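See structure below.
The values are calculated or read from the model by the stated rules, or taken from the named source; none is laboratory data. Model, not experiment: these values are computed from the prediction. Cβ atoms come from the backbone with ideal geometry, glycine included; neighbour counts cover every protein chain shown.
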Amino acid sequence: MAQISLDDEAALVLFDVLASGRLDLSGVSIAERKAVTLLVGALETQLAGPLTQNYQQHLAVASLAVISRYAALKAEP
């Protein structure tokens, strides 16, 4: 079993983008879609944020934390 390590804020932001349906997965294989579904499920079981009444507030705070924490990291061309 593979394990990855993400801080809670990055995990919540990742969960939100994957679970929201905003990504177009129509061009990916069935295996790739299944892998995304499994990742969303794994994140959902590990995160309390998606279950809270004030989810949007948690997500906003997490998003700001991710931006703040990782803003200095630039993607290499």
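Name the single residue, out of those in segment 1-41 being among the aliphatic types (A, V, I, L, M) and touching an Asp or Glu at 6+ places or on another chain (Cβ under 9 Å), that is surrounded by the most Cβ atoms within 10 Å (Cβ to Cβ). Give the derivation first.
If we filter segment 1-41 for residues that are among the aliphatic types (A, V, I, L, M), which is where we start, we get 1-2, 4, 6, 10-14, 17-19, 23, 25, 28, 30-31, 35-36, 38-40.
In the following step, the residues that additionally are touching an Asp or Glu at 6+ places or on another chain (Cβ under 9 Å) were identified as 19, 25.
On the way: Ala19: 17, Leu25: 12.
Among them, the one singled out is Ala19.
What number of residues in segment 6-36 are of a type in the set (S, T, N, Q) and within 12 Å of the chain's Cα centre (by Cα)? Quick ask: steps written out before the conclusion?
At the first step, the residues of segment 6-36 found to be of a type in the set (S, T, N, Q) are 20, 26, 29.
If we keep only those that are within 12 Å of the chain's Cα centre (by Cα) too, we end up with 20.
The number of residues fulfilling the criteria is 1.
How many residues are modelled with pLDDT under 90, under 16 Å from Ile4 (Cβ atoms) and among the hydrophobic types (A, V, I, L, M, F, W, C) if we restrict to segment 24-53?
The total comes to 1.
Go through segment 1-18 and give me each residue that's farther than 9 Å from Leu43 by Cβ and assigned to a helix (DSSP H, G or I).
Step one: list which residues in segment 1-18 are farther than 9 Å from Leu43 by Cβ, which gives 1-5, 7-10, 13, 16-17.
Answer for segment 1-18, where residues must be farther than 9 Å from Leu43 by Cβ and assigned to a helix (DSSP H, G or I): Asp8, Glu9, Ala10, Val13, Asp16, Val17.
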